[in-house]
Amino acid sequence: MHDHSLRDQIVAEVHARPFHKLSGPLALCHQAILYEGVAEEAVNRSVRQLASLKSLPLPQNSEGFFFTRNDRWALRFEPHGEFYSLTLYALATTEPPAFTDEEREQLPGAYLCGVEVICQPDVGTDPEPLLEQHFNDHQVSGSSVMGAAGQVFTDFRERSDSRMSRVLVLQQPKMIDYRCGRLLQRICEIDTYRHMALLGLPLSNEVMPEVTALDQALAETVASIAEARREPAELIHQLMQQAARVEDLSARSANRLAASEAYFALMYSRIEELREERLEGIQTIEQFMDRRLDPARRTCKATGERIERLSKRIARSTDLVRSQVDLSIEGQNKDLLEGLNKRARRQIRMQAKLESFTVIVVTYYAFDLIDRTLRNILGDTELERQLSLGLSLLVPLLAVGLFWYLRRLLKGYDEE
C-alpha cells in the first residue's frame, strides 16, 4: 500500500484557511481585489513584499494563503478563484488601519470592495453615542450575535475617505479569542461575498432585453410553424440563428450568473453562522440583506433560468419543424408509392390485354411445330393429311389450354 498522490493536499485543505485568536481592542481593513488577468505568481510576490514593508515575518510557504503578525500589525492573505483578499489588522487600537498609496500601487488587480471593522470591549454603556460617532445619522442594522457573545452594527455605506464600509463590533467578556476571530472573519466574508454576488446584476440587466427580444422572436417562429406559413428550410435557418444568439448569451453570462448564485449562497450561509438575535428598534443584518439584495438575487437567477428555458424552447421548436419535415416526406413517399402502384396496375392491365396476342402466337408456333414434326416423320401420306386435319380441328382446344395456363401462371402477380 502507498499514499495517494493527492492525500496531503486533501488532508491540508481542512486547515487551509484557519481562524485566528483575536481580541479587542483592534481594528482591521479588509479588501477584495479581482485578478483581472494578473498571474497568481505576481500577486503572491507583491503581497509578500507588502508584508516585508510592514516588518512582518515572511511566511514559510512561497505561495497561497498565509497569516503573519507582530506586536503591532497582522496580515492575512487569502487567494480565491477570481479574486484575492487582504486583511490588515491593527492590534491594541481602535483606529482603522489603511494601506498607503505606495502599497496600493504595489498591489496588482482591480479593487472591488473593502470593509473596516472596529472591535472593542463592551463596557455596558448605551451604544447610541458610539453609533452616532461611527455612522452619523444613517440607518444602522445590527444584532446580538453568537449567543449574545457580542453585538454587531453597520450602516453598509461606503465612507468617502476610505472607500470602505464600516462595522462596529462590541465584544462581551464571555467571547473567547477564537470566537472573536471567527466573528471578524465572517463579517469580512459577508462583505466580500455580497459584492462578488452583485457582479452578476449589471450583466443580467444588460442581457435581459436581448432575452426578451429572442423570446418574442421565437414565439413568432413557433406561430409560423403552427400555421405552416413558411418553408421548413427557412424556419430551420431562423431557428439556427436564434440558437446561435442564445448560445452567445449563455457563453457571456452563464458562468457569471452561476458564480453570483454561489456567492449569494455563501453570503447567506455566513449570515446564518452569526446566529443573530434581534435588538429592539434595529433591523438585523439578515433582514437588511433580504430586503435589499433578494431582488438582485432573483433577477440574476431569473436571467439564467430564462436563457436556459429559451434554449430548451428552441430545441423543442426545432423538433417541431423536423416533425413537420418528416410528415411532408412521408406524404411525398406515400404519393410516390401510390404512383408506382398505379403504373404497376396499368402494366398488368396492358399485360392482360396482350395475353390474347400471346396465346395466338404461342398457338401458331405450337401448331406449326407439331405439323412439321408429323410431316417429317410420316411424309406425304394419307395418314399425315388426316392427322394434320385433326390437328387443325384441335387448334381451338390448344388455344384455350394455353390461355388457361398463362392465366394460372400470372394469377399470383395480379394479386400482388
Can you name the condition, by its number, that Glu330 falls short on among (1) within 29 Å of Glu234 (Cα to Cα); (2) exposed (fewer than 13 other Cβ atoms within 10 Å of the Cβ); (3) at pLDDT 90 or above? (3)
Cβ pairs under 9 Å, 6+ apart, first in segment 373-389 and free of Cβ contacts under 8 Å to residues at least 40 places away in the same chain, second of a type in the set (Val, Ile, Thr) and open to solvent by 100 Å² or more (accessible area, probe 1.4 Å): Glu384/Ile377
Residue count for segment 276-327, restricted to those that are in a loop (DSSP other than H, G, I, E, B) and either open to solvent by 50 Å² or more (accessible area, probe 1.4 Å) or small (Gly, Ala, Ser) (or both): 2
Only residues that are open to solvent by 30 Å² or more (accessible area, probe 1.4 Å), outside any loop (DSSP other than H, G, I, E, B), of a type outside the set (A, V, I, L, M, F, W, C) and within 24 Å of Arg179 (Cβ to Cβ): list them for segment 23-79, please. Arg69
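So that you can scan it fast, the table gives a plain yes or no per residue for (1) over 30 Å from Asp155 (Cβ atoms); (2) touching a helix residue (DSSP H, G or I) at 6+ places or on another chain (Cβ under 6 Å):
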residue	(1), (2)
Leu266	no, yes
Arg270	no, yes
Cys300	no, yes
Gly304	yes, yes
Glu308	yes, no
Ser311	yes, yes
Thr318	yes, yes
Ile329	yes, no
Val362	yes, yes
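Rundown of residues vs (1) open to solvent by 50 Å² or more (accessible area, probe 1.4 Å); (2) touching a helix residue (DSSP H, G or I) at 6+ places or on another chain (Cβ under 8 Å); (3) of a type in the set (A, V, I, L, M); (4) at positive phi, yes/no style:
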| position | (1), (2), (3), (4) |
| --- | --- |
| Gln151 | no, no, no, no |
| Cys180 | no, no, no, no |
| Thr192 | no, no, no, no |
| Glu206 | yes, no, no, no |
| Leu218 | no, yes, yes, no |
Please tell me if Phe135 is open to solvent by less than 10 Å² (accessible area, probe 1.4 Å) and aromatic (Phe, Trp, Tyr). yes
Matching residues, segment 92-108, being over 26 Å from His20 (Cα atoms) and open to solvent by 70 Å² or more (accessible area, probe 1.4 Å): Asp101, Glu102, Glu105
Taking the condition of being more than 30 Å from Glu95 (Cβ to Cβ), among the aliphatic types (A, V, I, L, M) and free of Cβ contacts under 8 Å to residues at least 24 places away in the same chain, how many residues in segment 26-56 meet it? 1
Checklist (1) closer than 30 Å to Leu257 by Cα; (2) part of a strand (DSSP E or B) applied to Glu189, failing item: (2)
Assuming Tyr35 fulfils every condition listed in (1) at pLDDT 90 or above; (2) hydroxyl-bearing (Ser, Thr, Tyr); (3) out of contact with any Gly (no Cβ under 9 Å at 6 or more places or on another chain) apart from one, which condition is it? (3)
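How many residues does segment 383-406 contain that are open to solvent by 100 Å² or more (accessible area, probe 1.4 Å) and over 22 Å from Thr358 (Cβ atoms)?
Residues flagged as open to solvent by 100 Å² or more (accessible area, probe 1.4 Å) and over 22 Å from Thr358 (Cβ atoms) within segment 383-406 amount to 4.
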Out of (1) among the aromatic types (Phe, Trp, Tyr); (2) in contact with a Phe, Trp or Tyr (Cβ under 7 Å, 6 or more places away or on another chain); (3) surrounded by fewer than 20 Cβ atoms within 10 Å (Cβ to Cβ), the one Tyr111 does not meet is (2)
Considering only residues that are of a type in the set (Gly, Ala, Ser) and either open to solvent by less than 10 Å² (accessible area, probe 1.4 Å) or at pLDDT 90 or above (or both), which ones fall in segment 80-91? Ser85, Ala90
Here is a check on your reading of the model: is Leu168 open to solvent by 40 Å² or more (accessible area, probe 1.4 Å), out of contact with any Gly (no Cβ under 7 Å at 6 or more places or on another chain), modelled with pLDDT of 90 or more and not β-branched (Val, Ile, Thr)? no
Please enumerate the residues belonging to segment 224-255 that are open to solvent by 50 Å² or more (accessible area, probe 1.4 Å), in a helix (DSSP H, G or I) and not aliphatic (A, V, I, L, M). Glu227, Glu234, His237, Gln241, Arg245, Glu247, Asp248, Arg252, Asn255
Give the residues of segment 106-144 that are over 24 Å from Gln172 (Cα atoms) and of a type in the set (Asp, Glu), sorted by residue number. Asp137
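The values are calculated or read from the model by the stated rules, or taken from the named source; none is laboratory data. Predicted model, so just to flag it, every value in this text is computed and none were measured. When we count neighbours, we look across all protein chains shown, and the Cβ atoms used for this are built from the backbone with ideal geometry, even at glycine. Surface areas here come from the heavy atoms of the whole protein model, side chains and all, with no ligands, DNA or RNA. Shrake-Rupley method; radii C 1.70, N 1.55, O 1.52, S 1.80 Å.
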